[in-house]
Amino acid sequence: MDAVRGDLADVELADRVFAPHYAKACAFTVIAETALRIAPSTESEVVGKLGLGDQFDLLDISGEWGWGRGSKVVGYVSASAIKPL
């Protein structure tokens, strides 16, 4: 799935998608099982699950939430559940 939102897109998509900003994904590892959510809120819809040791490609981090791609699904995870590889 393509990592695109209104203000940001994966730089790998620059030839196909227009966005105000682009970011290069940074590889992170999941250190605690976590839900992948559609929005940065514990109340938002869960679109996937990430298990211990899974890779998460982080594109943006703000406060307690990271946005990126994991298990071919794009969404938000708790920043405390991931760490750089």
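Structure values in brief
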| quantity | calculated |
| --- | --- |
| Sequence ranges 2-11, 74-83, ranked by mean other-Cβ count within 10 angstrom, highest first | 74-83, 2-11 |
| Apportionment of accessible area to carbon and sulfur, the chain, percent (1.4 Å) | 53 |
| Rounded accessible area per residue of the chain, 1.4 Å, Å² | 59 |
| Among VAL73, VAL17, VAL46: highest mean-square fluctuation, GNM of the chain, C-alpha pairs under 10 Å | VAL17 |
| Computed lengthening from MET1 to THR42, 0.36 nm per intervening residue step minus Cα-Cα distance | 12.5 nm |
| Sorted peptide list for 34-44, 57-67, criterion being average Cβ within 10 angstrom, highest first | 57-67, 34-44 |
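The values are calculated or read from the model by the stated rules, or taken from the named source; none is laboratory data. As the structure is a prediction and not an experimental result, all values here were calculated from the model. Note that each Cβ is placed from the backbone with ideal geometry, even for glycine, and that neighbours are counted across all protein chains shown. Calculation scope for accessible area: heavy atoms of the full protein, side chains included, ligands and nucleic acids excluded. Shrake-Rupley method; radii C 1.70, N 1.55, O 1.52, S 1.80 Å.
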